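Note sheet for the following structure.
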Amino acid sequence: MAEGINSVELQEKGGLENNGFVHEQSEDDQLETSKIRRNSSQTDANNTTSIGIMEEPQDVLPLKPFAGMPKDVLLQFSRQPCYRITREILFWLIIIATIAIVGATIAIIALSPKCLDWWQSSPIYQVYPRSFKDSNNDGAGDLKGVQDKIDHFLYLDVKTIWIAPFYKSSLKDFNYAVDDFMDVDPTFGTMAEFESMMSAMHDKGLKLIIDLIPNHTSDKHNWFQLSKNRTGKYTDYYIWQDCVRAGDQTVPPNNWVSVYGNSSWEYDDTRKQCYFHQFRKEQPDLNLYNPNVQGEIQSVMKFWLEKGVDGFTVDAAKFLLEAEHLRDEPQVNKSQSPDTVTAYDELFHDYTTTQVGMHDIIRSFRQTVNEYSREPGRYRFMGTESNDLKMVEKTMLYYGNSFIKEADFPLNFYLFDLNKSDLSGNNIFNIVDLWMKSMPKGKWPHWMVGSPGNSRIASRVGKEYINVVNMLLLTLPGTPTTYYGEELGMEDNSAAITLETNHSAEYDPTEYPEKTPMQWDSSANAGFSTANKTWLPLNPDYMAVNVEEQKKQQNSTLNLYRELSRLRNSELPLHRGWLCYIWNDSDVFAYVREVDGMDKVFLMVLNFGKPSILNLRQAVPEIPTQVTIRLSTVVSRGGKSMSTDRIQTAMGEGLILEYNTNKPVHLKDTFKDKCFISEKACYSSAFNLLYNNC
């Protein structure tokens, strides 16, 4: 207040306010100034005693707030009701808003469903590298060639690439006999080229899966060489048993038969014992009862995980352990002479597959993978390969349970059984239903129709059905896997099976037809290689069936596959919705995909037989009378309206129909046993987000 009074007095006297600036003065000036101030103060005291400013109450401010107010003046203004109340209102509004934002964030996190991982959100594209692209003109594909064709994966809108084994091997195929798990075979390139390929994929947002082969090695592997010489810890790295040797004949320890036929025991002259092999004699089985062997496999996994791979498929999982008691396996035909049992399907394989302890090993692999999944955004995938045929319940065990997780999903081979003789709507329904009903609740399904060891789907069922098969794969719930060339409708080249090559000791000729080179364009060697000769002959249809040609055609298999992939990735009901069967007969399989809370529904009508006309309104009255054709294997029908009283499909035609309704099929009691959901989520149209509790 004193400062305020002085300011007023200065103004009355015509004085100037310094505002804090002090001029330098000499000693004489300072002395003169002090005299003036003393005289002035005495005079002012006499002149100002009657003004009475000091007699005003201390809390009354004669001035309005101004910039640069002293602290004590500012505090007096801030205590006035008009300022204090406004400040308190703003303070509590900020507190309430902060609490609301934090609460809403917690609620959204708590109520939001788990986001789909990368291995769920995209189809998987399987590459057989020797047949994909040749980069060094030696007539065979390699890892550099895969890198050169990354743009093809982006064109298809697939984000996950699965590359078949490229490990160093003297037997390049034969169920992947490996000489060194931590090296790249020179056929495919170098480790530096692998790392370059993987980095290029990651730069484009792609994920890379490779094969893990824990069941066996090749007989050229260093472990086997040391084991047969009984060297230190390697002595028991493989399964050795005494056997009787009489001349050139061997009497094996039991009647076990390999997958390829004949005894699964092979005599080794160095060790003077027999070793066990589930597959070829060049592929001795590892002894996974030995903790050191399990440690070696986990070291292999860590090696590739540290390189940066995004996951594994565990090959031949059901063969990992064999019964230690070595009893004979029971014969399928009890009356058959035991001496004549040479084929794999002539025995029940109770002692050589799915043994006690096998799932413990799979779980240990899972734990190793999980160690590298802790970094945000770097979840590592693990799938298992175990074709249990009609015993689907054994396959489902690879999912693990609610307490212990094993595979993210086991590979689903049941669509491999499709062929021309039994292709029908009913058969497709039975295969799909077998998996969905057997799968543990809430788990994620998988679908595939081709692989390096199976005839191509276009050759098995006919090329007129390739588009509808791709539509099936990309509209079912779960993750589909596409074998290279299926997006084009490539067929087997039967001429390759009789080919005389210098690879006869390294490859299985029966698998040549489905491994012919990828068809990129209509130039020499289909753009696969500029060499004079490719490792396998090209399919003669490559002039018409190739990537560049089909890119130009609106109604091509390639462009339909691309549209299906993009639709699956963009539409919530197709990649995260209910599956409900609504019709199946000898010709047609029909189902809907829908999400709780969303009125958009997709209805798939797939023809696997003769031309058909369906009245789906009669089967499902809740379906609207009119629907829109969102996508069709017959391009000209896309976008048109169709009556559900008369849905007409040609042989091999597939329709994706779209409609809106507030009466979803999965809530109807009549469809209760025909609907399935994985990773359930509910949609809120008001907030445009997903939540858990419907």
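The values are calculated or read from the model by the stated rules, or taken from the named source; none is laboratory data. The shown structure was predicted, so the numbers you read here are calculated from the model rather than taken from an experiment. FYI the Cβ positions are ideal-geometry reconstructions off the backbone, even for glycines, and counts take in every protein chain you see.
Restricting to the stretch 335-350, count the residues that are of a type outside the set (Gly, Ala, Ser), without any contact (Cβ under 8 Å) to a residue 60 or more places away in the chain and assigned to a loop (DSSP other than H, G, I, E, B).
4
For the stretch 231-244: of the residues being hydrophobic (A, V, I, L, M, F, W, C) and either over 44 Å from the mean Cα position of the chain (by Cα) or in a loop (DSSP other than H, G, I, E, B) (or both), which is nearest to HIS216 (Cα to Cα)?
ILE239
I'm checking my understanding of the structure. Among residues of the stretch 663-682 that are in contact (Cβ under 8 Å) with a residue 40 or more places away in the chain and of a type in the set (A, V, I, L, M), which one is farthest from HIS575 (Cα to Cα)?
VAL665
Counting only residues that are among the β-branched types (Val, Ile, Thr) and under 29 Å from the mean Cα position of the chain (by Cα), which one in the stretch 648-667 is nearest to PRO611 (Cα to Cα)?
If we take residues in the stretch 648-667 being among the β-branched types (Val, Ile, Thr) and under 29 Å from the mean Cα position of the chain (by Cα), then ILE656 is nearest to PRO611 (Cα to Cα).
Scan (1) at pLDDT below 95; (2) more than 17 Å from GLU464 (Cα to Cα) for the single condition SER643 breaks and write down its number.
(1)
For the stretch 401-426, give me each residue that is touching a residue at least 24 places away in the same chain (Cβ under 8 Å), surrounded by 18 or more Cβ atoms within 10 Å (Cβ to Cβ) and not in a loop (DSSP other than H, G, I, E, B).
Within the stretch 401-426, PHE409, PRO410, LEU415, PHE416, GLY425 meet the criteria.
May I ask you to list the residues in the stretch 556-579 that are over 20 Å from ASN467 (Cβ atoms), crowded, with 23+ Cβ neighbours inside 10 Å and of a type in the set (A, V, I, L, M, F, W, C)?
TRP578, LEU579
What are the residues in the stretch 299-356 that are in contact with a Pro (Cβ under 9 Å, 6 or more places away or on another chain), in the same structural domain as TYR379 (by TED's automatic domain parsing) and not aliphatic (A, V, I, L, M), if any?
Hit for the stretch 299-356 is ASP315, nothing else.
Hey, does the stretch 199-213 have a residue that's on the phi > 0 side of the Ramachandran plot and of a type in the set (Ser, Thr, Tyr)? It would help to see each step written out before you state the result.
In the first step, residues of the stretch 199-213 are kept if they are on the phi > 0 side of the Ramachandran plot; the result is 205.
Restricting the remaining residues to those that are of a type in the set (Ser, Thr, Tyr) gives none.
The answer is no; no qualifying residue exists.
If you scan the stretch 510-521, which residues turn out to be out of contact with any Ser or Thr (no Cβ under 8 Å at 6 or more places or on another chain), surrounded by 15 or more Cβ atoms within 10 Å (Cβ to Cβ) and either among the small types (Gly, Ala, Ser) or modelled with pLDDT under 95 (or both)?
GLU511, TYR512
With respect to VAL547, determine if the residue is among the β-branched types (Val, Ile, Thr), in the same structural domain as SER678 (by TED's automatic domain parsing) and within 30 Å of the chain's Cα centre (by Cα).
For VAL547, the condition - among the β-branched types (Val, Ile, Thr), in the same structural domain as SER678 (by TED's automatic domain parsing) and within 30 Å of the chain's Cα centre (by Cα) - is not met.
Identify all residues within the stretch 293-325 that are surrounded by fewer than 14 Cβ atoms within 10 Å (Cβ to Cβ) and more than 23 Å from the chain's Cα centre (by Cα); write none if there are none.
Residues satisfying the conditions are GLY295, SER299, GLU324, HIS325.
Mind checking which strands (runs of 3 or more DSSP E) fall wholly inside the stretch 614-688 and carry at least 3 residues that are assigned by TED's automatic domain parsing to the domain that holds ASP587 and surrounded by 15 or more Cβ atoms within 10 Å (Cβ to Cβ)?
Ranges flagged: 626-632, 647-649, 654-660.
Report, ordered by the first and then the second residue, all pairs with beta carbons closer than 8 Å, sequence separation of six or more or different chains, a first member in the stretch 427-450 that is among the aromatic types (Phe, Trp, Tyr), and a second member that is at pLDDT below 95 and not in a helix (DSSP H, G or I).
TRP444/SER678; TRP444/GLU679
Write out, first by first residue and then by second, each pair whose Cβ atoms fall under 6 Å of each other, whose residues are 6+ apart or on separate chains, and whose first residue, in the stretch 191-202, is under 20 Å from LYS159 (Cβ atoms) and at pLDDT 95 or above while the second is in a helix (DSSP H, G or I) and among the hydrophobic types (A, V, I, L, M, F, W, C).
Pairs found: PHE194/LEU143; MET197/LEU143; MET197/VAL146; ALA200/ILE150.
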